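Report on the following structure.
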Amino acid sequence: MRKEDLDKRICDVELGATNTETYREFLINSMIFFSGNENCKIPDFDSLTEEFLNELIDEYDYLWEK
């Protein structure tokens, strides 16, 4: 995922993907769900590196698969 894709739907970027959330929505919803707190601190994704964003996405993908 490129940083410029943060607000694009995952299914529009990744071949074969069915998730209709944007990458930003996916990260926010995952952070809220796995923290169990709707008021959890959400980072400024625009200030993070692409490498770190991709690591976050991979980590939450893994957790959702469990």
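What residue, of Phe33, Phe26, Phe52, is more than 17 Å from Met1 (Cβ to Cβ) and among the aromatic types (Phe, Trp, Tyr)?
Phe33
Out of all the residues in segment 23-54, which are among the hydroxyl-bearing types (Ser, Thr, Tyr) and either within 23 Å of Lys66 (Cβ to Cβ) or touching a His at 6+ places or on another chain (Cβ under 7 Å) (or both)? Let's see the steps before the verdict.
In the first step, residues of segment 23-54 are kept if they are among the hydroxyl-bearing types (Ser, Thr, Tyr); the result is 23, 30, 35, 47, 49.
Passing the criteria: Tyr23, Ser30, Ser35.
For segment 41-66, which residues satisfy the criterion of being surrounded by 14 or more Cβ atoms within 10 Å (Cβ to Cβ) and within 12 Å of the chain's Cα centre (by Cα)?
Answer for segment 41-66, where residues must be surrounded by 14 or more Cβ atoms within 10 Å (Cβ to Cβ) and within 12 Å of the chain's Cα centre (by Cα): Phe45, Leu53, Asn54, Leu56, Ile57, Tyr60.
On the given criteria, is Leu63 in contact with a Leu (Cβ under 9 Å, 6 or more places away or on another chain) and part of a helix (DSSP H, G or I)?
Considered against the rule, which asks whether it is in contact with a Leu (Cβ under 9 Å, 6 or more places away or on another chain) and part of a helix (DSSP H, G or I), Leu63 comes out as no.
Examine segment 27-35 for a residue that is at pLDDT below 95 and not polar (S, T, N, Q), and state whether such a residue exists.
Scanning segment 27-35 turns up no residue that is at pLDDT below 95 and not polar (S, T, N, Q).
Within segment 1-24, which residues are surrounded by 13 or more Cβ atoms within 10 Å (Cβ to Cβ) and of a type outside the set (Asp, Glu)?
Selection gives Met1, Lys3, Leu6, Lys8, Arg9, Ile10, Cys11, Val13, Asn19, Thr22, Tyr23, Arg24.
Say whether the condition of being exposed (fewer than 13 other Cβ atoms within 10 Å of the Cβ), in contact with a helix residue (DSSP H, G or I) (Cβ under 7 Å, 6 or more places away or on another chain) and either in contact (Cβ under 8 Å) with a residue 12 or more places away in the chain or not in a helix (DSSP H, G or I) (or both) is met by at least one residue in segment 25-40.
Yes.
The values are calculated or read from the model by the stated rules, or taken from the named source; none is laboratory data. This one's a predicted model, so the numbers in the text were calculated from it and none came from an experiment. Glycine gets a Cβ as well: all are built from the backbone with ideal geometry, and neighbour counts include every protein chain shown.
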